[in-house]
Amino acid sequence: MKIFKTKKNLNSYLSLFDKNISVGFIPTMGAIHNGHLKLVQTSKNECDKTICSIFINPTQFDNSEDFHNYPKTFNEDIKKLKESKCDIVYAPNVLDLYKKNEKAKKYNFRKIDLFMEGKFRKNHFNGVATIIEKLFKIIEPNKAYFGEKDIQQLQIIKNLVNQINSKTTIVGVPTVREKNGLAMSSRNKLLSNKEKEKAAMIYRCLNYCKKNRLQPISKLKEYIIEKFKKTKELDLEYIEFVSLNSMLPIKNWGEEKNNVVCIAAHIKKVRLIDNIIL
Ligand code: PAF
């Protein structure tokens with residue numbers, strides 16, 4: 001596995017590739033877990049070469065404490081990526097990607113960013129899109145892989161490739177879960193086993209919606225809000241029922257597989273998100 005720290009070295013290496021070789025790309029912020037490795041596996045099944053980036057993108061954090069506390073496990077990440085036979089890792093420092101004091105670009109996501117992560121994390125998606133646009137311009141992947149756990153981010157990226165006329169195909173990959181249902185996330189590394197058990201309630205609530213899909217949305221919402229109120233370790237930030245394509249809230253169920261129930265909650269200072277497509 002080749003590891004590059006600069007876009008210059010990465011590009012000189014990529015320029016040696018035959019034009020017909022397909023490249024799959026997985027952008028990450030490190031703290032690699034089985035969810036990332038499933039993206040690597042999917043890329044390896046579909047593309048000739050797989051590239052992973054490891055870069056904690058400062059412009060997508062609205063909270064500097066969250067940015068500084070983000071788990072950093074570079075050596076373990078490299079080991080895991082090597083074992084999963086990823087071909088190339090690009091792990092730059094900030095100045096390889098941003099000019100000094102450079103801010104996130106402003107995009108128009110046509111309302112996809114109005115609710116949930118877009119509402120609670122100001123400027124978050126401008127930061128995500130800024131870094132993805134930069135990475136896509138450097139790597140020019142044929143396909144890029146994103147986890148469905150960050151469903152709103154996935155829809156934002158699909159919108160971004162249209163805005164910037166990118167030829168990259170965006171592939172969403174289903175969420176990988178711990179045995180207890182908790183969605184795999186880099187932030188889980190900040191939780192004890194006991195806290196992970198508590199946090200699995202998020203998935204139980206999503207599953208409750210699946211099992212009770214015939215009930216009105218307002219009733220399910222009420223049930224989940226009450227459930228969180230009774231669980232003192234977990235603070236609910238939002239529960240939203242949205243349409244999959246627009247990411248806008250719905251009052252009534254739409255067609256099957258077009259509805260998403262999304263939850264964001266805090267356990268201690270760790271912020272977790274999850275969703276289920278119904
Ligand atoms: O989902 C993430 O880990 C990040 O938002 C991403 C896509 C790597 C951009 O920094």
Label the range 11-69 by shape, choosing from rounded, prolate and oblate, from the square roots a ≥ b ≥ c of the eigenvalues of the Cα gyration tensor; if a/c is under 1.5 it is rounded, and otherwise prolate applies when a/b is larger than b/c, oblate when it is not.
oblate
How high is the FRET efficiency between Met1 and Arg177 when r is their beta carbon distance and R₀ equals 30 Å, given to the nearest 0.05?
0.65
Hey, can you grab everything whose amide H is under 5 Å from the amide H of Thr50? Only 5+ residues off in sequence or another chain; H modelled, so Pro and N-termini drop out.
Gly24, Asp87, Ile88
Applying the gyration tensor rule to the Cα atoms of the range 159-229 (axes a ≥ b ≥ c; rounded if a/c under 1.5, else prolate if a/b exceeds b/c, else oblate), the class is oblate
Order of Cys205, Cys52 under a 10 Å beta carbon neighbour criterion, fewest first
Cys205, Cys52
Antiparallel DSSP beta bridges within the chain, as percent of all bridges there, nearest 5:
50 percent
Work out how much length Asn212 to Asn45 would gain on full extension: take 0.36 nm times their residue separation and subtract the Cα-Cα distance, in nm to one decimal.
56.5 nm
In whole Å, what is the distance between the alpha-carbon centres of the range 232-256 and the range 22-80?
27 Å
Quick check on the exposure proxy: order Asp150, Asp96 from fewest to most C-beta atoms within 10 angstrom.
Asp96, Asp150
Pair Lys99, Asn258: separation of 7 Å Cα→Cβ label points (nm):
4.5 nm
Among rounded, prolate and oblate, which fits the range 101-159 when a ≥ b ≥ c are the square roots of the eigenvalues of its C-alpha gyration tensor, a/c under 1.5 means rounded, and a/b larger than b/c means prolate?
oblate
List the pairs from Lys38/Lys111; Lys122/Lys251; Lys122/Lys196; Lys106/Lys257; Lys99/Lys134 whose alpha-carbon separation is above 21 Å, in the order I gave them.
Lys38/Lys111; Lys122/Lys251; Lys122/Lys196; Lys106/Lys257
Report, to the nearest 10°, how far helix 151-163 tilts away from the longest principal axis of the Cα atoms in the chain, using its own Cα long axis and a range of 0 to 90°.
50 degrees
Per-residue HN-Hα couplings for the range 182-191, Karplus 6.51 cos²θ - 1.76 cosθ + 1.60 at θ = phi - 60°, whole Hz, x for Gly and Pro?
4, 5, 5, 7, 4, 5, 4, 5, 8, 10
Neighbouring Cβ atoms within 10 Å as the yardstick, rank Tyr90, Tyr238 fewest first.
Tyr238, Tyr90
Can you tell me how much longer the chain between Ser246 and Lys269 gets when fully stretched, taken as 0.36 nm per residue apart minus their C-alpha distance, in nm with one decimal?
5.3 nm
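Read-outs: derived from the displayed coordinates by stated rules, not from any lab. Predicted, not measured: the structure shown is a model, and the values here were computed from it. Ideal geometry is used to build each Cβ from the backbone, glycine not excepted, and the neighbour counts take in all protein chains shown.
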